[in-house]
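Accompanying notes for the structure given below.
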Amino acid sequence: MTELRSPIGPDDHVAGPRDAPVQLVEYGDFECPSCGAAFPEVETVRRALEGRLAFAFRHFPLPQLHPHAALAAEAAEAAAAQGRFWEMHRLLFENQEALGPGALVSYAEALGLDVERFRTDLDERRHRQKVRRQFLDGARSGVNGTPTFFVNGQRHQGRFDADALLEALVGAPSERAP
Amino acid sequence: MPDPVAQPSRPLPAGTPAPPFRLPSVEAAELPPGHPVPHDRWRSLEDLAGAPAVLVFYPADFTPVCGEELAIFSEILPELEALGARVLGISVDSVWCHRAYTDERNLRFPLLSDFHPKGETSRRYGCYREDAGVCERALFVLDRDGTVFWSSVSPMDENPGVDGVLEALERLGQQAREGSGPPQPRREPRGEGARP
């Protein structure tokens, strides 16, 4: 299956206008090295298409491969509960080698979050269900590894550097409107 | 040289009675080579009777695409079990190799060894790659009576994901509910299984 079953919706963290003409959804895992490699590429794409792109990041942690991935995803949601999803998303990808519980709390401190609340969210696994829901939804859309991108609802195949993603999103440079 | 993207073989299609098999599982790895494998460390088609089953054939332990494929199946195992299914992985690796792989990857379902005679079960299911000497990357969903309900084979370098299996198990559950009512009706004549 190559179609995204759930379009960007209220449950999603979205960078850019939600109704933007170009929609990019990533299923990712904060401990996955390929997702880490994709992070700056997506940043480049976001800058290039500012105002025209809605980018949503969804969780697809694979704890069998990445033991800290599930809690890191919940940490991003705990930050989101305090309105700071994207800042935490950046910190997690920039510190992929340090995603243990202590490190996660230190990132919450660095962002000036209410640390007690953040810690309670993690201890009580308050965001576990949401992460699981996104994982299952991804599995049903045929996500078979991370990162998996969907461009305007269609699965993106092949490379995911900024040029390849931009080409998939808005066409080859020669086809793009000036 | 085997071609990783060569046209894959044709797996047994829906409606075919699943061929019998009896393979040692990863649990047999506690025994040294040559030691008789006790009854409870084999898995056979008969063991699966009465519930749907998912057979995950894959080329080899410790290879990149297989690792991610099995990790996703392992992660989604609770949902597959909630649909009543049992999940088994099958490759031509030995049980000792399966043991190391299962431990390293924390796999939650048993891996079976189609090691000796090599590839015999995979061949019966139409998913043995003779040129490469490994299983295809093939998936089978069997119904509770041991008939192939859905099957699929993917190129060696392509992880099929779990969406096809989930959908097949859901359709199977729906059919069982619609056609159910005590006593449980016997299976339709063979060859009339759902098409993928």
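The values are calculated or read from the model by the stated rules, or taken from the named source; none is laboratory data. Just so it is clear, the model here is predicted, and its values are computed rather than measured. FYI the Cβ positions are ideal-geometry reconstructions off the backbone, even for glycines, and counts take in every protein chain you see.
Brief remarks follow.
- Qualifying residue in region B:48-66 (condition: among the charged types (D, E, K, R), at pLDDT below 95 and either farther than 30 Å from A:Gln129 by Cβ or assigned to a loop (DSSP other than H, G, I, E, B) (or both)): no
- Residue within region B:100-111 that is at pLDDT 95 or above and in contact with a His (Cβ under 8 Å, 6 or more places away or on another chain) present: yes
- Selection within region B:137-179: residues that are over 21 Å from A:Arg155 (Cβ atoms) and among the polar types (S, T, N, Q). The member of this set that is farthest from the other protein chains (Cβ to nearest Cβ) is B:Thr147.
- Matching entry among A:Asp19, A:Asp29, A:Asp11 (being in contact (Cβ under 8 Å) with a residue 24 or more places away in the chain and under 10 Å from the mean Cα position of the chain (by Cα)): A:Asp29
- Test: residue in region A:123-143 that is basic (Lys, Arg) and either facing another protein chain (nearest Cβ under 9 Å) or at positive phi (or both): yes
- Leading residue by the ranking (surrounded by the fewest Cβ atoms within 10 Å (Cβ to Cβ)) among those in region B:67-86 that are more than 10 Å from chain A (Cβ to nearest Cβ) and touching a helix residue (DSSP H, G or I) at 6+ places or on another chain (Cβ under 9 Å): B:Gly84
- Of everything in region A:12-38 that is over 20 Å from A:Ala69 (Cα atoms) and part of a loop (DSSP other than H, G, I, E, B), the residue that is farthest from the other protein chains (Cβ to nearest Cβ) is A:Pro17.
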